[in-house]
1. Could you please tell me which pairs satisfy a Cβ distance under 6 Å, a separation of 6+ or placement on different chains, a first residue in region 380-400 that is on the phi > 0 side of the Ramachandran plot, and a second residue that is open to solvent by 30 Å² or more (accessible area, probe 1.4 Å) and assigned to a helix (DSSP H, G or I)?
2. Output the residue which, of all residues in region 201-254 that are modelled with pLDDT under 95 and out of contact with any Gly (no Cβ under 9 Å at 6 or more places or on another chain), is nearest to Ser137 (Cα to Cα).
3. Leu167 is checked against (1) more than 24 Å from Asp367 (Cβ to Cβ); (2) in contact (Cβ under 8 Å) with a residue 24 or more places away in the chain and fails just one. What number does that condition carry?
4. Which fully enclosed helices (runs of 4 or more DSSP H) of region 256-353 have 3 or more residues being at negative phi and loosely packed, with under 15 Cβ neighbours inside 10 Å?
5. Of everything in region 126-162, what is of a type in the set (Ser, Thr, Tyr), within 18 Å of Tyr361 (Cβ to Cβ) and in contact with a Gly (Cβ under 8 Å, 6 or more places away or on another chain)? Give them in sequence order.
6. Please find, among Asp407, Asp403, Asp367, the residue that is in contact (Cβ under 8 Å) with a residue 12 or more places away in the chain, surrounded by fewer than 21 Cβ atoms within 10 Å (Cβ to Cβ) and of a type in the set (Asp, Glu).
7. Residues to consider are Leu57, Leu64, Leu38; find the one that is modelled with pLDDT of 95 or more and open to solvent by 10 Å² or more (accessible area, probe 1.4 Å).
8. Collect the residues in region 224-240 that are open to solvent by 30 Å² or more (accessible area, probe 1.4 Å), in contact with a helix residue (DSSP H, G or I) (Cβ under 8 Å, 6 or more places away or on another chain) and not β-branched (Val, Ile, Thr), keeping them in residue-number order.
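The values are calculated or read from the model by the stated rules, or taken from the named source; none is laboratory data. Just so you know, these numbers come straight off a predicted model, no measurement behind them. All Cβ positions, even for glycine, are placed from backbone atoms using ideal geometry, and neighbour counts span all protein chains on display. SASA here: full protein model, heavy atoms, side chains in, ligands and nucleic acids out. Shrake-Rupley method; radii C 1.70, N 1.55, O 1.52, S 1.80 Å.
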Amino acid sequence: MNRIGFLLLVATGAGVLAFAAAGCGGGGGGGGGGVTALSAASCGAIRYEGEGKPDVLIASDLPLQGANRSLTTEMADAVEFILKQHGWKAGDKKVGFQSCDDSTAQAGSWDSAKCSSNARSYANNESVVGIVGTFNSGCAKLEIPVANRAPNGPLAYVSPANTYPGLTISGPGTESGEPDNYYPTNVRNYARVVWNDQFQGAADAQFAQTLGLKKVYVLTDKETYGNGIATLFVTYAKKLGIATLPGRPEAWDKKASSYDAVASKIKSSGADSVFLGGIVCNNGGKLVKDLRAALGTGVTIFGPDGWTPISATIDGAGQASEGMYITQPGIPSDQLKGAGKKFVADFTAQIGHAPDPYTNYAAQAADVLLGAIADANGDRSQVASKLFNRDVKNGILGDFTIDENGDTTLGTVSVWQIKNQQPEFVKLITPELSFVKG
């Protein structure tokens, strides 16, 4: 039964009319096993195609406006796809889903007030037993503590995209007090299926070495993710004897109308390359255009997964993006095996093109969350505890474990280059743990 058909069916009975309203994003909830919908101010209608009414809800929390929109809407659809594969159930519990937006049109990306508001909404809605999110690490810093103090125990989060290390561990690239300051109850409720930026920073530095780069100018957008990955790149580059300029990563202003002054400084420095620690949403297209215009094609421009989807970088920077290298987590979709290969084939048939690698992570995050809900028998207060020390066999991303901190044991990075205005796979890099942690 399709979603529209379901909503029409439930609307035919007066006893379930309240649920039909909730399914369209209203604030009410049906009794007798019904759920209370999250607000239409941030979330779409309840998606559910199972029998009867859902017992519980999960939600995705992603920025659905701005440069990442094509990717994040695809990721939300992948969560629904996984729910369909599970028959809209986790164990014996029937599960409905809402896709929620943590961005604003004005910001064109995640918005701090929206993230905080969403987190309060999830925490205070007892129908919600878990969240697939967030996408941006800065948003996660705001949402995790709110969810950690939720009534009836910390609310479970599984992120498909946060890579900032300080959300789960201390050490290189983190700030004082992290990660404990995100868990005021001293109970962990957050895990991720994507590696943290200690691996990406190491991989980016190792790739710079393979390119023979000697002097890299490092920029940051000043956000949590950007500062973290820029600092980590500098740390690992120095281990490999690669010089980084200036003394500390230099910030670019996302509201600037021109980056000619920044480009002039880079040119005067004699740098042979520029590392862009930040996200494409922060005026990244204009930044790349101005850098390329001033520096020419002889200076390498490269950046981490903040520049994905790569199509957003191409759209924003146009021909100036040509030759740019971009890294992102995991392996290309066409190299996945087992359950991953099947997911890619089935989901491709639905959407008409191969999914972005981050879409595979969203699907895996949803699968992990549903497994935890099943293990907790739908008890919201117990779901988070079921995320940790969790072994995943033949998952969409392969075999891996989510450790006691909520981090994955996966650490492979893929490198892409923009050629003829299309992303082209270059190579895989899996940094040795001794290099990352040493």
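1. Asn394/Ala339
2. Top of the filtered list is Arg248.
3. (1)
4. On the way: elements: 260-269, 284-295, 310-317, 339-351.
Where helices (runs of 4 or more DSSP H) fall fully within region 256-353 and carry at least 3 residues being at negative phi and loosely packed, with under 15 Cβ neighbours inside 10 Å, they are 260-269, 339-351.
5. Here is the first cut: in region 126-162, the residues of a type in the set (Ser, Thr, Tyr) are 127, 134, 137, 157, 159.
Retained after the next criterion (residues that are within 18 Å of Tyr361 (Cβ to Cβ)): 134, 137, 157, 159.
Answer for region 126-162, where residues must be of a type in the set (Ser, Thr, Tyr), within 18 Å of Tyr361 (Cβ to Cβ) and in contact with a Gly (Cβ under 8 Å, 6 or more places away or on another chain): Ser137, Tyr157, Ser159.
6. Numbers: Asp407 fails: surrounded by fewer than 21 Cβ atoms within 10 Å (Cβ to Cβ); Asp367 fails: surrounded by fewer than 21 Cβ atoms within 10 Å (Cβ to Cβ).
Only one candidate passes the filter, namely Asp403.
7. Working: Leu57 fails: open to solvent by 10 Å² or more (accessible area, probe 1.4 Å); Leu38 fails: open to solvent by 10 Å² or more (accessible area, probe 1.4 Å).
Every option except Leu64 fails the conditions.
8. Hits for region 224-240 are Lys239, Leu240.
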